[in-house]
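Notes follow once the structure below has been shown.
The values are calculated or read from the model by the stated rules, or taken from the named source; none is laboratory data. Keep in mind the model is a prediction, meaning the values are calculated, not measured. Counting neighbours? That spans all protein chains shown, and the Cβs are built from the backbone with ideal geometry, glycine included. Protein only, heavy atoms only, side chains kept; ligands, DNA and RNA dropped before computing areas. Shrake-Rupley method; radii C 1.70, N 1.55, O 1.52, S 1.80 Å.
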Amino acid sequence: MTLTPYLIVAALLFAIGLGIALTRRNAILVLIGIELMLNAANLNLIAFWRFGPHPELMTGMLFALFSIAVAAAEASVGLGLVIAWYRHSKTTDLDEMARMKG
Amino acid sequence: MNSATLDQFFVLLQHHVAALFPTVLQPWVSMILGVVGIVAVFPAIFALTTVLERKGLGRMQNRLGPNRVGPFGILQPIADAIKSLTKEDIVPRNADDVVHFLAPVVLVVAIFLGYAVLPVGRNMVLLNIDAGILLFFAVGASTELSIFMAGWSSRNKYSLLGAMRAVAQMISYEVPLLLAAVVAVMMTGSLAPTAIVQAQGGFTGIFPHWYVFTPWGFAGFTLFVVAALAETNRSPFDLPEGESELVAGYFTEYSGFKFALFFLGEYLGMMSIAGYGITLFLGGWGAPFSFLTFIPSWAWFFAKLFLAIFFFIWLRGTLPRLRQDQLMNFAWKFMLPLSLLNLCVAAAWRFLGEWLGGGTVAELIRWLVCAAVLVLAYVLLARTLLRQQNISPRSYRYAD
Amino acid sequence: MIEGLIFGLLSILTLAGAAAAALLRNLVHCALSLSVTFVGLALMYLSLGAQFVGLSQILVYIGAVAILVVFAILLTRGAGALTPHRLIAAAGWRLGWIASVAVGFVLIVALVRSPLPVSGDHAVKVTVQQIGQALMGPYVLPLEIVAILLTVALIGAVIVAMPEDQKEMR
């Protein structure tokens with residue numbers, strides 16, 4: 001195996017995640033899209049760690065670990081915000097959340 | 001046959017059978033044999049456990065339990081299996097049939113994966129990987145999703161309520177479960193179950209070096225058992241399937257073979273978590289006394305497993321069910337602080353050992369200090385929490 | 001050969017899960033197919049030799065993030081009756097897909113064209129002990145920062161999601 005196929009899968013995953021984030025109305029699905037993009041980045045990190053010149057330094061792997069932790073924090077805060085917003089306005093529709101435009 | 005051969009009997013058998021095949025296939029064949037062993041042995045224990053549980057609970061409730069099929073009713077599991085296989089498989093009209101079908105499959109597959117790293121005897125582990133305990137917890141986390149799938153896809157309020165209760169309970173108790181297990185991992189310095197068992201291998205006099213015989217190990221073991229009861233939805237934490245409230249919880253809408261799969265998954269989950277408790281704190285396949293080491297290691301493991309299963313049945317026959325708020329308060333206000341403190345005590349144990357040096361007196365001081373901290377914390381925490389609760393004779397509005 | 005086959009299957013699983021999350025209507029189905037993607041990625045990490053990261057991926061993403069997402073969907077009543085198709089897509093959804101396809105296309109073209117400075121396939125076995133020592137040694141500062149971040153996120157999520165009347169009670 002070589003590096004390029006993994007990077008192509010990661011690029012496709014990133015594109016799908018971006019597509020979800022840009023096209024879906026529901027705020028939770030937008031968060032899902034962001035999670036997918038983060039995961040694509042993680043796959044890149046692991047693939048570069050494995051096929052890079054210095055795998056014994058574990059840089060890519062540890063970066064991926066930190067990235068997983070940050071993604072978990074992001075998901076919890078994001079979903080907390082969505083639930084708070086839902087309680088306030090009874091919708092999770094992003095097009096209707098534009099009310100703050102004034 | 002001497003005791004060493006008997007100890008390694010199954011390993012040697014595996015090697016012999018694998019040697020019959022060409023060299024290229026040998027690793028695959030021995031892997032498949034291991035999988036077959038797990039898939040054969042643990043469901044057999046499950047079948048035995050169901051009848052033991054029904055008979056044991058019957059005895060505790062002063063009745064006979066099943067006694068119609070075979071001598072003393074021991075063939076009851078076979079009758080149950082035939083019944084559940086021949087029953088009609090009903091899927092509710094509104095159910096989400098794909099998810100409804102996948103839920104029991106995901107549950108059973110995930111639970112079987114957990115057995116892959118469980119050492120059931122000396123050299124008897126399917127995958128000796130470095131991060132075995134982590135695999136067990138990862139797999140335990142995916143059973144939560146399958147329970148949610150079952151409850152949600154049934155389109156039934158009881159199923160959904162049961163699933164939400166189960167998932168909330170499992171997430172809450174996973175934290176103390178993990179923290180309790182981390183103590184054993186910390187003292188061993190490895191996440192591999194085989195290394196944890198080996199670290200508990202020695203003997204002082206006739207007594208073994210099991211982790212449960214240290215203050216932090218005892219506290220960790222107790223916390224692990226309580227959290228394990230909640231993780232497997234066993235009584236007294238069986239709110240997700242409380243019959244008097246929720247029919248059968250998240251698998252209300254399952255029948256026939258899928259119901260049997262849920263039943264299998266539940267018991268296999270119980271046995272797997274008991275197996276990991278044994279591995280982490282009770283010396284795994286080690287003998288309890290130095291003069292008993294001639295008995296094969298796998299026999300010890302399964303003896304301990306049956307003891308643990310008996311303990312679970314005993315608790316089910318003894319304790320009443322908790323209330324939802326009691327359950328959550330217990331997890332977050334009691335178990336979590338104690339398990340965090342236990343981590344600190346384990347670290348203190350290690351450094352006190354280095355600081356005080358060897359010798360009986362130093363050992364005794366270390367023992368007393370660590371035990372005193374844990375007992376004090378337990379007493380203080382329990383008192384504070386009890387004081388917050390308003391415990392008084394219950395008054396019934398319409399009965400007085 | 002076998003490695004290539006495994007990679008092919010895993011990448012199909014991962015991408016199919018992601019595509020299903022993008023296209024399905026029912027939000028719970030989206031969340032479940034998202035977890036298929038997470039499992040596929042975890043298996044890919046395992047096949048790349050990153051055992052610890054793969055298992056943490058399952059523990060964190062399946063055990064926490066996927067469960068959190070389905071809980072949020074149920075709490076916001078998103079799993080109810082099927083919404084008509086025009087209601088699942090945002091206002092400018094055509095533009096959105098065009099943009100994301102363009103991004104994917106540009107990324108892949110750049111990847112295929114650029115020479116990657118890679119020395120090849122080292123099969124390095126990393127033990128959990130090495131990871132722990134690295135986290136406690138050279139990476140201890142990032143580890144502490146992540147710990148603080150997680151604590152802050154925990155408190156923040158609880159406060160944000162707390163009902164308003166309880167906030168006023170304090």
Problem - Percent carbon-and-sulfur accessible area, chain A, ignoring ligands, DNA and RNA, probe 1.4 Å - result: 71 percent
Completion exercise
So, with points 7 Å from each Cα along the Cβ direction, the B:Arg394-C:Glu144 label distance in nm works out to 5.1 nm
Handout entry: Accessible carbon and sulfur surface of chain B relative to its total accessible area, %, 1.4 Å
Key = 70 percent
Exercise for the section: Heads up, I need the accessible area for B:Thr5: 1.4 angstrom probe, whole protein in place, Å², nearest 10. Expected result: 50 Å²
Exercise for the section: Apply 1/(1 + (r/R0)^6) to the Cβ-Cβ distance of B:Phe310 and A:His88, taking R0 = 56 Å, and write down the FRET efficiency to the nearest 0.05. Expected result: 0.60
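For a quick check of your reading of the filter: which chymotrypsin sites (Phe, Trp or Tyr not before Pro) in segment B:336-400 sit in a DSSP loop and have no more than 11 other Cβ atoms within 10 Å?
In loop regions of segment B:336-400 (DSSP not H, G, I, E or B), the sparsely surrounded chymotrypsin sites (Phe, Trp or Tyr not before Pro) are B:Tyr396, B:Tyr398.
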Completion exercise
For the protein assembly as shown, the count of lysine pairs 8 or more apart or interchain whose alpha-carbon atoms are under 26 Å apart comes to 12
Exercise for the section: Mind grabbing the accessible area of C:Leu68 for me, 1.4 Å probe, Å², rounded to tens? Expected result: 70 Å²
Exercise for the section: Whenever you get a sec, line up C:Leu111, B:Leu161 from highest to lowest accessible area (probe 1.4 Å, protein heavy atoms). Expected result: B:Leu161, C:Leu111
Problem - Area accessible to solvent at B:Lys55, 1.4 Å probe radius, in Å² - result: 50 Å²
Fill in the blank from the handout: A correct Kirkwood calculation over the Cα atoms of segment B:282-392 returns a hydrodynamic radius in Å of 17.9 Å
Practice task
Please list C:Val106, B:Val185 in order of solvent-accessible area, largest first, computed with a 1.4 Å probe with all protein chains present.
Solution key: C:Val106, B:Val185
Problem - Ratio of Rg to Rh over chain B (Cα coordinates, Kirkwood Rh, two decimals) - result: 0.99
Handout entry: Loop trypsin sites (Lys or Arg not before Pro), segment B:306-391, which have at most 14 other Cβ atoms in a 10 Å radius of their Cβ (DSSP)
Key = B:Arg323
